[in-house]
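What follows is a short report on a single structure.
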Protein chains: 4
Amino acid sequence: MTKKLQILIIGHNDSGCTSEHERIAYETGFEIAKADAILLTGGLGGVMKASSKGAHDAGGLTVGIIPQDDSSFANKYCDVVIPSGMGLTRDFLNALSADGIIIIGGGSGTLSEICAAYMHRKPMVAIRGTGGAAEQFIDGYVDHRKNIKIIGVESPKQAVQKILKIITA
Amino acid sequence: MTKKLQILIIGHNDSGCTSEHERIAYETGFEIAKADAILLTGGLGGVMKASSKGAHDAGGLTVGIIPQDDSSFANKYCDVVIPSGMGLTRDFLNALSADGIIIIGGGSGTLSEICAAYMHRKPMVAIRGTGGAAEQFIDGYVDHRKNIKIIGVESPKQAVQKILKIITA
Amino acid sequence: MTKKLQILIIGHNDSGCTSEHERIAYETGFEIAKADAILLTGGLGGVMKASSKGAHDAGGLTVGIIPQDDSSFANKYCDVVIPSGMGLTRDFLNALSADGIIIIGGGSGTLSEICAAYMHRKPMVAIRGTGGAAEQFIDGYVDHRKNIKIIGVESPKQAVQKILKIITA
Amino acid sequence: MTKKLQILIIGHNDSGCTSEHERIAYETGFEIAKADAILLTGGLGGVMKASSKGAHDAGGLTVGIIPQDDSSFANKYCDVVIPSGMGLTRDFLNALSADGIIIIGGGSGTLSEICAAYMHRKPMVAIRGTGGAAEQFIDGYVDHRKNIKIIGVESPKQAVQKILKIITA
C-alpha cells in the first residue's frame with residue numbers, strides 16, 4: 001500500500017483565464033490522473049475547474065480545498081471537497097497539502113500559493129507561455145534564500161513528468 | 001455524476017481509546033465504505049486510525065485532515081491527506097468538511113468538533129455505550145438554540161444507516 | 001517592561017444573553033482593566049460587547065478577534081480588532097491568545113473555546129449562576145485527561161482575582 | 001471614541017535584514033506611534049522587531065500575530081500577542097487586520113502578505129531602496145486585476161504620511 005502523490009495545480013481563476021489556459025489545465029489534470037496521482041486544486045473556476053475535469057475524464061481522483069464554508073461552491077469535478085471556511089487564507093492549505101505543484105498562469109492568489117509553497121520548500125514547475133504568476137519567477141527563486149527553484153517546462157505532459165521526477169528523486 | 005457523501009468519524013485519539021472503541025470504529029469505517037461514502041477523519045491514531053483501516057479494508061476512500069504541516073504524520077490508511085499546519089484548530093475543518101458525523105467516545109478534541117458541527121448545523125449521530133463526548137449530549141442538544149439533535153444509535157451499522165438517512169432526507 | 005496579561009472573557013453572544021449576563025460581563029471587564037490586564041474577547045455582541053464596554057470604561061485595553069474578514073463587524077469597544085476571516089474557527093485563536101479565561105454562561109461557541117483552551121492547558125474560571133457552558137464542567141474537567149480544572153467563582157471580582165492568581169502562581 | 005488605525009509593517013525577518021533595514025523599520029514604527037496609530041507586525045525578528053521597538057520608544061501600542069501557538073515566541077516589544085498556531089498561514093491574518101500596509105524589503109513571506117493584502121484591496125506603500133518584495137511591484141500592480149497600486153515612497157516619515165492619507169481619504 002503506497003500513498004499516491006498529491007499534485008496541486010494553481011493558476012488563473014475565472015478572472016483572466018483564457019481558453020488556452022483551460023486547454024492546458026485540462027491536459028495537465030488528465031496527465032496527473034494518468035500518472036496515478038491525486039489532483040489537488042482550489043476547487044473553484046478557471047484553471048481549477050478545467051484541470052479537475054481533465055483528471056476526472058481520465059478516471060482520476062480530485063480534491064478541492066475551497067474558501068467557503070459550504071461544499072456546494074466547489075466545481076462539480078471535485079470528488080473530495082474541503083470547505084475551509086477560511087476565505088483566501090486557504091491558499092496556504094493548498095500549498096501544504098501538495099507533494100508538488102504545477103503553475104499555469106495565475107494572478108495574486110496564485111502568487112500567494114507560490115510563496116506559501118516556497119516557504120515550505122515544495123517542488124514547483126511552471127508551464128512556459130502561460131504568463132502571470134507562472135512566469136514571475138520561472139527558472140529562478142522567489143527570494144534571496146533560494147529554497148526551491150521554480151522549473152520551467154514546455155507542456156502539460158512535461159510538467160507532470162518533471163514534477164513526479166523531482167518528488168520521487 | 002453524483003458527488004459522494006463525506007462522513008466524518010470523530011472520537012478517542014490514542015488517549016483513552018480501548019480495543020472496543022477500535023473495533024466499533026473499524027466496523028463503522030467499513031460500513032461507510034460499503035455504503036459508497038467517503039470517510040473523513042482527523043487522520044491520526046485511535047478511532048481515526050481504526051476507522052480508516054476499516055474503510056480501507058472495504059475498498060473505500062479515506063481522507064485525513066491533520067494538525068501538522070507534514071503529511072507523514074497521518075496514519076497509513078489515509079488515501080488523501082490534508083496537513084493543515086493549524087494545530088488542533090483543524091478540528092473546525094473536519095466539521096466543515098462533513099456532510100454528517102458519527103461520534104465514538106472521545107474527549108475534549110471530539111467535543112470541540114461536536115461544537116463546531118453544531119454551530120454549522122451538521123447532522124450527528126453518537127454510538128451508545130462509547131462514553132465520553134459521544135454521550136455528553138446524546139439524544140439532546142449542545143445548547144439552548146437547539147440547532148441539531150444528536151441522535152443516539154446502537155451499532156456501527158445503524159450509525160451509518162441513520163446518518164445517511166438524515167443527510168439524504 | 002513587563003508584558004501585560006491577556007485575559008479572555010467568553011460566554012453568551014447576543015443569543016440568550018440576559019441583562020444579568022451583561023451586568024456580570026461589564027463588571028468582569030471593568031475588573032480586568034483595573035487589574036491592568038488586557039481584555040480579549042470574540043469582539044461581537046452579548047458578553048463580548050458588555051465586557052469590552054466595562055474594560056473601556058475603566059480605561060483598559062480591549063482586543064477583539066472576530067469571525068469576519070472586515071473589522072467593521074467588531075463592537076465599538078474594541079481598541080484592537082483582528083478580523084480573522086476564518087469564521088467560527090476563530091474560537092481557537094481566542095483560546096490560544098489567552099493567558100487565562102473567564103467563562104460567563106455561553107452556548108456551543110463558548111464550549112468550543114473551552115475545549116480549545118482545555119487542550120492547550122489554559123487556566124479557566126467560571127462564574128457560578130451564569131448557566132450554560134460556564135457550568136457544564138464547573139469544578140471539574142472536560143475529559144478524562146484532567147488537563148485543567150475549571151474553577152468555579154462567585155463574582156466578577158473573584159473571577160479576576162482568581163485567574164490572575166492562577167496565572168502568576 | 002474613534003477607533004485608532006492599525007498599520008501593518010512587513011518586510012525582512014531575521015534572514016537578510018541589514019542594519020539599514022532595521023533603522024528604517026525602527027523609524028517607521030516610531031512615526032506610526034507618533035501619528036497615534038497602532039503598529040501591527042508578524043511579531044518576530046528583523047523588521048518586525050525593529051519597528052515594534054520604534055513604536056514602543058514613541059509610546060505607541062504594538063500588536064504581534066505570530067505563527068506559533070505560544071506567545072513567548074513574540075519579540076519583547078509586542079504589547080498584544082496573538083499566537084495563531086497556524087504557522088506561516090498567519091500571514092493572511094496580518095494582512096486582514098491592517099487598515100494599511102508599509103513594506104520594507106522582504107522575501108517570500110512578505111510577498112505572500114502583499115498578495116493577501118492585494119486580494120483584500122488593502123492600501124500599500126513600499127519604501128524605495130529597501131529591495132526584495134518591497135520593490136517587486138512598486139508603483140504598479142501585483143496582477144492584471146489592478147486592485148490596488150503599490151505606492152513607492154522615499155522615507156519612513158513619508159511612508160506613514162502617505163498610508164494615513166490614503167486610508168483616511
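Relative to the Cα centre, the charge distribution of the stretch D:95-163, modelled as +1 at Lys and Arg Cβ and -1 at Asp and Glu Cβ, gives a dipole magnitude of about 200 debye.
Using C-alpha pairs under 8 Å with a sequence gap of at least 6, the mean separation divided by the residue count of chain B gives a relative contact order of 21 percent. Over chain A, dividing the summed -39,500 (n - 2.57) contributions of all DSSP H runs of at least 4 residues by the number of residues returns a 222 nm mean residue ellipticity of -11500 deg cm²/dmol. Heavy atoms of the protein chains alone define the surface here; on that basis the stretch D:123-169 has 47 Å² accessible area per residue at 1.4 Å probe size. Given H placed on each backbone N at 1.01 Å, which residues far from B:M124 in sequence or on other chains put an amide H within less than 5 Å of it? Amide H neighbours of B:M124: B:I101, B:I151. Provide the net charge surrounding D:I138, with neighbours chosen by a C-beta distance below 11 Å and charges set as Lys +1, Arg +1, Asp -1, Glu -1. Summing Lys/Arg as +1 and Asp/Glu as -1 gives 0. With all protein chains kept in place, the per residue accessible area of the stretch C:1-72 amounts to 38 square angstrom at a probe of 1.4 angstrom. By the Cα gyration tensor, chain C has an equivalent ellipsoid whose semi-axes, rounded to whole angstrom, run 21, 18, 16 from largest to smallest. Are there any residues in the stretch D:86-108 with a reduction of at least 40 Å² in accessible surface when going from the isolated chain to the assembly of protein chains? Probe 1.4 Å, please list them by number. Listed in order, they are D:M86, D:L88, D:T89, D:F92, D:L93, D:L96, D:S108.
The three principal axes of the Cα atoms in the stretch A:37-83 give end-to-end lengths of 28, 18, 13 Å, sorted in falling order. Note on C:T2/D:T2: beta-carbon distance plugged into 1/(1 + (r/R0)^6) with R0 of 30 Å gives a FRET efficiency of 0.55. Accessible surface buried by the D/C pair amounts to about 1900 Å², both sides summed, 1.4 Å probe.
Pairwise inverse Cα distances across the stretch D:57-96, averaged and inverted, put the Kirkwood hydrodynamic radius at 10.4 Å. Across the stretch A:1-45, the convex hull enclosing all Cα atoms gives 57 Å³ per residue. Length gained on full extension, A:D57 to A:E154, computed as 0.36 nm times the residue gap minus the Cα-Cα distance: 32.7 nm. Within the same chain, lysines fewer than 8 places from A:K149 are excluded, and of the rest, those with a Cα less than 18 Å from its Cα are A:K122, A:K162, A:K165.
For peptide A:9-18, the mean count of partner chain Cβ atoms within 10 Å of a residue's Cβ comes to 1. Among the trypsin sites (Lys or Arg not before Pro) within the stretch D:75-138, those in coil by DSSP and having at most 14 neighbouring Cβ atoms inside 10 Å are D:K76, D:R121.
Within the stretch A:129-169, the residues that become at least 30 Å² less accessible when every protein chain is included than when their own chain is isolated (1.4 Å probe; DNA, RNA and ligands ignored) are A:Q136, A:F137, A:H144, A:R145. Computed over neighbours whose Cβ is under 14 Å from that of B:S84, the net charge equals -3, Lys and Arg +1, Asp and Glu -1.
What helices does chain A hold that run 24 Å or longer along their axis, going by alpha-carbon atoms, with a Kyte-Doolittle average of 1.6 or more, using DSSP H for the helix calls?
In chain A, no H run is both long and hydrophobic enough.
Counting only protein heavy atoms and a probe of 1.4 Å, the accessible surface of the stretch A:44-169 is 47% carbon and sulfur.
For the protein assembly as shown, the C-alpha radius of gyration divided by 2.2 N^0.38 Å, with N the number of residues, is 0.94.
Which of D:L39, D:V81, D:P123 sits farthest toward the positive end of the charge dipole of the stretch D:19-138, with +1 on the Cβ of Lys and Arg and -1 on the Cβ of Asp and Glu? Farthest towards the positive end: D:P123. The spacing between the stretch C:62-100 and the stretch B:1-75, judged by their C-alpha centroids, is 33 Å.
Per-residue SASA remark: A:K4, around 100 Å² accessible (1.4 Å probe; ligands, DNA and RNA not included).
For the stretch A:76-148, take the alpha-carbon Rg, divide it by the Kirkwood Rh, and send me Rg/Rh. Before the final figure, lay out each step's value.
Values: Rg = 12.6 Å, Rh = 12.9 Å.
Using Cα coordinates only, the ratio equals 0.98.
For the stretch D:1-89, the direction-averaged projected area of the alpha-carbon convex hull comes to 5.6 nm².
The charge dipole of chain B, taken about its Cα centre with unit charges on the Cβ of Lys, Arg, Asp and Glu (plus for the first two, minus for the last two), comes to roughly 520 debye. Relative to the globular-protein estimate of 2.2 N^0.38 Å, the Cα radius of gyration of the stretch B:116-169 stands at 1.08.
The values are calculated or read from the model by the stated rules, or taken from the named source; none is laboratory data. The model shown is predicted, which means the values in this text are computed figures rather than measured ones. All Cβ positions, even for glycine, are placed from backbone atoms using ideal geometry, and neighbour counts span all protein chains on display. Surface areas here come from the heavy atoms of the whole protein model, side chains and all, with no ligands, DNA or RNA. Shrake-Rupley method; radii C 1.70, N 1.55, O 1.52, S 1.80 Å.
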